[in-house]
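Single-structure report; data block below.
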Amino acid sequence: MGAGARRASLGARFERHAPYVLVAPAVLIIVALRLWPLLLGVNFSFTGDGERNGSAVGFDNYLELLQDPLFQGSLRNVGLLVLLLPLAVAIPGMLATFIYLRVPGHRVFRSVYFFPAVLSPVIVGAIFNLMLAFDGPLNALLGTVGVGPVDWLGDPDVAMFTVVGVQIWATFGMALVVFLAGFASLDATLLDAARVDGASLARTIWHVIIPSLSRTIQFVFVTTMIGMLTSMFGLLYVMTSGGPEGSTYLPEYYIWIQQGQMNRPALASAASTVLFVIMLVVGLLQISVLRRTGGRT
Amino acid sequence: MAGRHLGNRIVAVPMAVLALATIYPLMFTANVAMKSRREYILDRFSLTSSLQWDNIVKAWSSVGMARYFANSLLVVSVSVALLLLLGSMAGFALSQLRFRGSKALYLVCIAALLIPFQVIMVPLARVMADAGLIDTYPGLILAYVAQFLPFTIFLMTSYYKGIPAEIVDAARIDGNTTYGVYLRIMLPMGVPALLSVGILDTLFCWNDVLISLLMMPSAENRTLMIGVTSLRGQYSDDIPTFASGVLIAAIPVLMVYLFLQRQIADGVTAGSTKG
């Protein structure tokens, strides 16, 4: 076989395997740095920290988690997020409805509302540290109507609501844009029919808009929930550091503290696994809800 | 009809107030950044009497924001370039080429979308430390690529699915190898999708806190966002300098938003309509 022919056959083999060559780098990175760590972490959560490093400890880490007031608090705060979720979906939903109905200035509103969604949580948190300071603008504004001052970030009963409020401020534009994309696929003749029938705005929303947008609404519910569970770290880190009195912990912040500050990686892995299960439940709920409505329409 | 219009006008009032409340925090911060310390302490709400660029200059040079800015610029641009290259390669193969295992490989890529970073950060830190990649630029870049690649592949695959198979066939008849098809046909045709995914990936990497915090422990390797968090402790009694640092970090994103708002919104919604 001549050198030329050998080169040709090498080239042919290179060509035959082209799909694998193209996919390989991406798949290798994803497997090595996303899927493999997931298995490692679950495995890791059944081993010990410190003196018991590496030895199997069964469910000890999980038991410790359940007894840790900080972790309990973080789960309670997850519950609070779930309770506030309808609000975080309804606000952008209502605003998108009015923008879709071409309220005067709707173009300006659209671009202004979406703007905070592109800012880093760190920047949002830093800005709100200024806004919410005890002698800051918000308390000054409240003072003019005789309310307050409120210790927004220093009162354990208030701080978590404050942070969630800021999170909603920072992300409602994202949901708004998704809603508007949903409206683009809405059948306008339905709205016209409702208008001809003289239906009020409230009835139009309830009987026409909500049923037509059910898929979009579910999507926003799930993405907002996932966003609350996985993208509030920056806010917590900058605004409260989990305080006051550990009242603003979320699982992701707890994981960070146990890993980074307390040198308890195995305990942190157990918390990670719990967070993953919560996320899976949210994801599976979405799939089952989508299936049900998919079957209906 | 008339009633609806009236209703619309009334709704516009609270919506305008909300719009103001959305913009005001940033205006307030920009105003504070321009004030002298004395001016800020005397009255933090008044409009600044002069544009004090001193604070910005101070935050940029002596506080070290310039260094953090350069770090972010380097890491983000290399990460996004890699994401687009690997994402479009995989997206092309998974959407246009038929080969054994393509479905399974696509599922592997998409399954990773369900794994948030918080869930894998502890073992990932260990893997990265074993590889000697903690506190290095390649380490952070690799972490970003791994984090945002599934999303990038998802969008590129669904975009390339819309390209008719005849185009690939025609290019092959013209004598192109598979790699030639990728380089000469798919990359140029993918530009609109690459642009909108690229903008989103840029925002994700630029705005990230947690990954950078985990991968870059030493101060001189900080990215810009971590630089902002460190300002808070250092300049808690010098709010105008603090506000200047925040402004420096926010301005690039503001610029991107002003010019590319449409593309950002399209990218965000692509996931919702195709998913």
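Values for this structure:
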quantity: Filter result for A:Val164 (in contact (Cβ under 8 Å) with a residue 60 or more places away in the chain and within 13 Å of chain B (Cβ to nearest Cβ)); calculated: no
quantity: Hits in the stretch A:28-45 - residues which are open to solvent by 20 Å² or more (accessible area, probe 1.4 Å) and in contact (Cβ under 8 Å) with a residue 24 or more places away in the chain; calculated: A:Leu38, A:Val42, A:Phe44
quantity: Only listed residue being in the same structural domain as B:Ala90 (by TED's automatic domain parsing), open to solvent by less than 40 Å² (accessible area, probe 1.4 Å) and charged (D, E, K, R), chosen from B:Asp266, B:Asp174, B:Asp169, B:Asp201; calculated: B:Asp201
quantity: Sole residue being over 21 Å from the mean Cα position of the chain (by Cα) and among the aliphatic types (A, V, I, L, M), chosen from A:Val89, A:Val42, A:Val82; calculated: A:Val42
quantity: Single residue of the stretch A:30-60 satisfying the filter (among the hydroxyl-bearing types (Ser, Thr, Tyr) and assigned to a loop (DSSP other than H, G, I, E, B)) that is nearest to the other protein chains (Cβ to nearest Cβ); calculated: A:Ser45
quantity: Odd one out for B:Ser50, checked against (1) of a type in the set (Ser, Thr, Tyr); (2) open to solvent by 30 Å² or more (accessible area, probe 1.4 Å); (3) touching a residue at least 40 places away in the same chain (Cβ under 8 Å); calculated: (3)
quantity: Tally, over the stretch A:265-285, of residues that are in contact (Cβ under 8 Å) with a residue 12 or more places away in the chain, closer than 16 Å to A:Phe59 by Cβ and more than 7 Å from chain B (Cβ to nearest Cβ); calculated: 6
quantity: Test result for B:Thr229, more than 29 Å from A:Arg110 (Cα to Cα), assigned by TED's automatic domain parsing to the domain that holds B:Phe148 and part of a helix (DSSP H, G or I); calculated: yes
quantity: Residues of the stretch A:97-128 satisfying the condition of being more than 7 Å from chain B (Cβ to nearest Cβ) and farther than 30 Å from B:Ile248 by Cβ; calculated: A:Thr97, A:Ile99, A:Tyr100, A:Arg102, A:His106
quantity: Top-ranked residue of the stretch B:226-258 - restricted to ones that are of a type in the set (Gly, Ala, Ser) and either within 9 Å of chain A (Cβ to nearest Cβ) or crowded, with 17+ Cβ neighbours inside 10 Å (or both), ranked as farthest from A:Phe114 (Cα to Cα); calculated: B:Gly227
quantity: Considering residues of the stretch B:132-161 that are hydrophobic (A, V, I, L, M, F, W, C) and within 9 Å of chain A (Cβ to nearest Cβ) only, the residue surrounded by the fewest Cβ atoms within 10 Å (Cβ to Cβ); calculated: B:Leu142
quantity: Subset tally (residues that are within 12 Å of chain B (Cβ to nearest Cβ) and over 30 Å from A:Tyr253 (Cβ atoms)) for the stretch A:206-228; calculated: 3
quantity: Selection from the stretch B:177-194 of residues that are within 20 Å of the chain's Cα centre (by Cα) and surrounded by 15 or more Cβ atoms within 10 Å (Cβ to Cβ); calculated: B:Gly190, B:Ala193, B:Leu194
quantity: Matching option when the condition is open to solvent by 40 Å² or more (accessible area, probe 1.4 Å) and within 12 Å of chain B (Cβ to nearest Cβ), among A:Met94, A:Met131; calculated: A:Met94
quantity: Search result, residues across the stretch B:213-225 that are facing another protein chain (nearest Cβ under 10 Å) and surrounded by fewer than 23 Cβ atoms within 10 Å (Cβ to Cβ); calculated: B:Leu213, B:Leu214, B:Pro217
quantity: Any hit, the stretch B:74-94, residues being more than 30 Å from B:Met189 (Cα to Cα) and out of contact with any Cys (no Cβ under 8 Å at 6 or more places or on another chain); calculated: no
quantity: Test: residue in the stretch A:100-108 that is crowded, with 21+ Cβ neighbours inside 10 Å and in contact (Cβ under 8 Å) with a residue 40 or more places away in the chain; calculated: no
quantity: Single match in A:Val238, A:Val220 (criterion: more than 27 Å from A:Gly50 (Cβ to Cβ), open to solvent by less than 10 Å² (accessible area, probe 1.4 Å), touching a Lys or Arg at 6+ places or on another chain (Cβ under 8 Å) and β-branched (Val, Ile, Thr)); calculated: A:Val238
quantity: Elements of type helices (runs of 4 or more DSSP H) contained in the stretch A:78-148, each with 2 or more residues being farther than 29 Å from A:Gly243 by Cα; calculated: A:106-114
quantity: Residue check for B:Tyr68: under 25 Å from the mean Cα position of the chain (by Cα), more than 9 Å from every other protein chain (Cβ to nearest Cβ), of a type in the set (Phe, Trp, Tyr) and open to solvent by less than 80 Å² (accessible area, probe 1.4 Å); calculated: yes
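The rows are residues; the columns are (1) away from chain A (no Cβ under 13 Å); (2) of a type in the set (Asp, Glu); (3) in a loop (DSSP other than H, G, I, E, B); (4) in contact (Cβ under 8 Å) with a residue 12 or more places away in the chain.
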residue	(1), (2), (3), (4)
B:Ile110	no, no, no, yes
B:Leu113	no, no, no, yes
B:Gln118	no, no, no, yes
B:Ile163	yes, no, yes, yes
B:Gly175	no, no, yes, no
B:Val181	no, no, no, yes
B:Ala193	yes, no, no, yes
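The values are calculated or read from the model by the stated rules, or taken from the named source; none is laboratory data. Note that the structure is a prediction, hence the values are computed from the model and not measured. Because the Cβ atoms are built from the backbone with ideal geometry, glycine has one as well, and the counts that use them run over all protein chains shown. Accessible surface areas use protein heavy atoms only, side chains included; no ligands, DNA or RNA. Shrake-Rupley method; radii C 1.70, N 1.55, O 1.52, S 1.80 Å.
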